[in-house]
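Undergrad: Once you've had a glance at the structure underneath, I'll fire off some questions.
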Amino acid sequence: MKNTLKLISMFTLLLAFVCCNTKNDKPTTEEQRTKIEMVTDKGTILLELYNETPKHRDNFIKLVKEGAYDSLLFHRVINQFMVQSGDPDSKYAEPNIQLGNGDRPYKVDAEFRTNLFHKKGALGAARDGNAERASSAMQFYIVQRDARKDSLIDIDEKRINKWLATHYSNKLPENKALFDSLQQAIANEDYPLYLKINKELEKRAENFTDFEKYTIPEDHREVYRTQGGTPHLDQNYTVFGQVIKGLNIVDSIAVVKVDDNDRPINDLRILTVKIVEE
């Protein structure tokens with residue numbers, strides 16, 4: 001059953017809950033940022049890690065120093081969306097096996113920042129549907145989508161607010177028992193029950209308005225219009241870095257042929273990851 005729970009594995013986009021932590025943090029571009037070199041079967045990607053998300057930065061640095069990402073697969077690839085890696089089970093995975101459930105036995109506290117958003121090349125932390133919205137210890141994704149039209153950005157904004165409504169609705173005392181049952185269904189890998197409970201929670205949130213709606217800032221919209229990205233993930237998944245060289249490599253990974261679980265048919269591997277500037 002574990003491999004059938006695709007919608008509730010890491011990076012469950014359609015069923016995620018949006019975090020309300022939207023600190024108005026200022027960028028710290030003047031500070032020295034750690035640079036990470038990721039060598040893949042397709043070429044080299046250079047990333048920098050944000051100082052504004054120190055828990056994710058320090059965790060990623062620790063894993064890189066341990067060699068945790070060396071030889072792992074890109075196990076989930078969706079063209080015009082993102083490429084994902086970091087599942088430790090992928091290192092020796094047999095062909096045709098669905099991946100995405102592997103991790104280390106801890107999570108990283110969410111670090112949502114309004115100035116860090118999902119423009120193309122953003123490095124984000126995958127997560128499951130846990131109530132704290134904490135990130136996976138290991139799994140990450142790189143945003144790959146090209147420029148978005150304003151009409152599509154508007155749809156993305158509505159999607160964010162739908163998730164916000166669900167998040168706040170789920171916190172109501174009258175919905176707590178049902179939400180706890182949802183978490184138990186996930187723990188028990190009971191997919192039919194999960195879908196049933198989730199549908200009921202979404203129904204209860206349809207007319208819920210007692211929350212502050214999120215508006216995508218105009219400067220973010222301009223980036224999405226001209227450079228691309230995935231706006232609907234903003235304030236929902238932690239962005240903790242950015243590709244600064246090698247976006248063409250990310251694009252080349254995104255277009256490979258994949259199976260029904262979005263795993264590349266021909267294994268596509270991270271060869272080595274190392275710190276080049278700290």
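The values are calculated or read from the model by the stated rules, or taken from the named source; none is laboratory data. On a predicted model such as this, the values are computed, not experimentally measured, just so you know. Don't worry about glycine lacking a Cβ; one is built from the backbone with ideal geometry, like all the others, and counts go over all protein chains shown. These area figures cover heavy atoms from the full protein model, side chains too; ligands, DNA and RNA do not enter into them. Shrake-Rupley method; radii C 1.70, N 1.55, O 1.52, S 1.80 Å.
Undergrad: For the stretch 245-269, give me each residue that is closer than 13 Å to Ile97 by Cβ and either of a type in the set (A, V, I, L, M) or open to solvent by 90 Å² or more (accessible area, probe 1.4 Å) (or both).
TA: If the condition is that a residue be closer than 13 Å to Ile97 by Cβ and either of a type in the set (A, V, I, L, M) or open to solvent by 90 Å² or more (accessible area, probe 1.4 Å) (or both), then Asp260, Ile265 are the ones that fit.
Undergrad: Now, a different point. Is at least one residue of the stretch 188-207 of a type in the set (S, T, N, Q) and in a helix (DSSP H, G or I)?
TA: Yes, because at least one residue in the stretch 188-207 is of a type in the set (S, T, N, Q) and in a helix (DSSP H, G or I).
Let's see how each residue does on (1) surrounded by 19 or more Cβ atoms within 10 Å (Cβ to Cβ); (2) without any contact (Cβ under 8 Å) to a residue 12 or more places away in the chain; (3) closer than 21 Å to Val273 by Cα; (4) of a type in the set (Ser, Thr, Tyr):
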| site | (1), (2), (3), (4) |
| --- | --- |
| Gln80 | no, no, no, no |
| Gln84 | yes, no, yes, no |
| Gly100 | yes, no, yes, no |
| Asp109 | no, no, no, no |
| Arg113 | yes, no, no, no |
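Undergrad: Sort out which residues of the stretch 116-144 are closer than 16 Å to Val77 by Cα and assigned to a strand (DSSP E or B), and write them in order of number.
TA: Ala122, Leu123, Gly124, Ala125, Phe140, Tyr141, Ile142, Val143
Undergrad: So, Ala134, is that one closer than 18 Å to Gln84 by Cβ, buried (at least 17 other Cβ atoms within 10 Å of the Cβ) and touching an Asp or Glu at 6+ places or on another chain (Cβ under 8 Å) or not?
TA: On the way: closer than 18 Å to Gln84 by Cβ: yes; buried (at least 17 other Cβ atoms within 10 Å of the Cβ): yes; touching an Asp or Glu at 6+ places or on another chain (Cβ under 8 Å): yes.
The answer is yes for Ala134.
Undergrad: Which one of Ala68, Ala93 is in a loop (DSSP other than H, G, I, E, B), out of contact with any helix residue (DSSP H, G or I) (no Cβ under 8 Å at 6 or more places or on another chain) and surrounded by fewer than 23 Cβ atoms within 10 Å (Cβ to Cβ)?
TA: On the way: Ala68 fails: out of contact with any helix residue (DSSP H, G or I) (no Cβ under 8 Å at 6 or more places or on another chain).
Being in a loop (DSSP other than H, G, I, E, B), out of contact with any helix residue (DSSP H, G or I) (no Cβ under 8 Å at 6 or more places or on another chain) and surrounded by fewer than 23 Cβ atoms within 10 Å (Cβ to Cβ) holds for just one of Ala68, Ala93, which is Ala93.
Undergrad: Here's something else I'd like to know. From the set of residues in the stretch 166-221 that are surrounded by 18 or more Cβ atoms within 10 Å (Cβ to Cβ) and among the aliphatic types (A, V, I, L, M), which is modelled with the highest pLDDT?
TA: Looking at the filtered set, the residue picked out is Ile216.
Undergrad: Quick one: which residue in Arg57, Arg76 is assigned to a helix (DSSP H, G or I), within 16 Å of Met138 (Cα to Cα), in contact (Cβ under 8 Å) with a residue 60 or more places away in the chain and open to solvent by 20 Å² or more (accessible area, probe 1.4 Å)?
TA: On the way: Arg76 fails: assigned to a helix (DSSP H, G or I).
Answer to the check: Arg57.
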